[in-house]
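Please read the structure below before turning to the comments.
The values are calculated or read from the model by the stated rules, or taken from the named source; none is laboratory data. Model, not experiment: these values are computed from the prediction. FYI the Cβ positions are ideal-geometry reconstructions off the backbone, even for glycines, and counts take in every protein chain you see.
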Amino acid sequence: MKPQIRPASQFCAHKAVVFLRPSTMSPALLSPLATNGRAHIYLRAFSYRAARKVLESACLMTPYKSQNPVLTALVEAKVLPILSKVEPEKMTKNGMPKQLRLPLFLGFGTFIVLFWMATSALPNNGWGEALTFIIFPILFFGSSLAYGYVFRERLAQLFAKGQRNFLLRTDIMMTLSRAFGLDYIAVPGGPSPSLKKFAAWRKCPQTIKDICALMETHSGLGPASDIIRASGLAIPNAVFIGSDETKERYFERELDEQQFEDGFKGVRGNIPFAAVEWTETHDESKTYHLLVALTLPTRLTGRVEFKNKAAQWPMTPPHRKHDKVKLLSSDFAKAYKVRADDQMEARLIFDPAVIERLTAYAAQGPVRGVAFENNLVLDLVGDNRFNILDIMTGSWSQDSIDKTLSDFDDMLGFVDAIAAVFSVKKDRRLSA
């Protein structure tokens, strides 16, 4: 019996997928397949180690390589076996799960037809235009709900796979985090208040309730999440027109609704820290933030904010006013802008050692931060970090493993560089 090869697009990027059985364990059978690139193992009736030896001998699977032999052994022994349990979702050329293609096509098609029929029947006057604005969301959400109900079993299967992938990914991230001396929290701060309210609704679908309960189970880092929210760094930058009172309500609402993921906590030297990932969404675009919270040795009475030229100022309530801070370092002044409630406190934070460290990061991308009370929160904008396994599609690759390990190194390297210039009390911790 020959191995069955399926297109890589059905499973995960940059892979050939091999279904093996004991009778196909001969390298002679696999050697003609070597040109297909890396192989993703879908285990059936044999051990992982045996399959790996066969694939490596047939040049189908590239052994994981790292400069750290401990991490190499960890990936080989624990991470890859977990990833082998993932069942990747079949995808379209546009990156959409194939199971969603028919429901979305029918739902959108039905909406277009019904909306065209409704607008054709309405009078061509002011009343007709007003009714058009009312009918549009009704038909859109009505069509979505109708086909969501018709294809509810298909959607339930997708959610079930997503939950399983979430648990596998959490297991992987906890394993890697322990190797770096960190604790991992999959859902820092727990689910957003709006999701909790929707899940508590009597008519809420059971699938949504299950997702919310799963997020609650894997939540933590509550105090650290509150500190990061209070910094204003985890609020989408948007132009809002209205009174100060209205802006204040908008600020408070957005402050609570942001959802964090991939939380970490640990100690570097004698510096306790916490870090979370946050995705800022604008229309169809996404910006990925790594938010790191450190503890300052001195409690501030005001607030100090800074950013480099590539970053934007943090969102702040309308009543809060800041003054521009003039610093002695000309190099730092070229790269960063600083504003604060108190000039002396700003100079306390930005002493020569801190200036030197931050100046080195100015050219690497958007960097900004906020110091308040005895907290320093830093924001690094970059690509999607720690994406070792896509929860919805189940895709993973050698590159995603390497990239995730690199993300750990980058995060800890930044924390080490900034924390080294502060003398933080050892008994002060950001804990869950």
Give the number of residues within region 367-391 that are farther than 30 Å from GLU87 by Cβ, of a type in the set (A, V, I, L, M, F, W, C) and touching a helix residue (DSSP H, G or I) at 6+ places or on another chain (Cβ under 6 Å). 4
Expected single match for surrounded by fewer than 18 Cβ atoms within 10 Å (Cβ to Cβ), within 30 Å of LEU74 (Cβ to Cβ) and in contact (Cβ under 8 Å) with a residue 12 or more places away in the chain among GLU257, GLU216 is GLU216
Candidates VAL267, VAL292, VAL276, VAL239 - the one that is β-branched (Val, Ile, Thr), at pLDDT 85 or above and surrounded by fewer than 19 Cβ atoms within 10 Å (Cβ to Cβ): VAL267
Given (1) touching a residue at least 60 places away in the same chain (Cβ under 8 Å); (2) closer than 22 Å to ARG229 by Cβ; (3) surrounded by 16 or more Cβ atoms within 10 Å (Cβ to Cβ), identify the lone condition not met by ALA179. (2)
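Given the residues THR72, THR119, which is the only one that is more than 30 Å from LEU176 (Cβ to Cβ) and either outside the structural domain of LYS209 (by TED's automatic domain parsing) or without any contact (Cβ under 8 Å) to a residue 60 or more places away in the chain (or both)?
Of the residues listed, the single one that is more than 30 Å from LEU176 (Cβ to Cβ) and either outside the structural domain of LYS209 (by TED's automatic domain parsing) or without any contact (Cβ under 8 Å) to a residue 60 or more places away in the chain (or both) is THR119.
In region 366-398, what residues are over 17 Å from the mean Cα position of the chain (by Cα), of a type outside the set (D, E, K, R) and either crowded, with 21+ Cβ neighbours inside 10 Å or part of a loop (DSSP other than H, G, I, E, B) (or both)?
Answer for region 366-398, where residues must be over 17 Å from the mean Cα position of the chain (by Cα), of a type outside the set (D, E, K, R) and either crowded, with 21+ Cβ neighbours inside 10 Å or part of a loop (DSSP other than H, G, I, E, B) (or both): PRO366, VAL367, GLY369, VAL370, ALA371, PHE372, ASN374, LEU376, VAL377, SER397.
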Is it the case, given these coordinates, that PHE306 is part of a strand (DSSP E or B) and within 23 Å of the chain's Cα centre (by Cα)? no
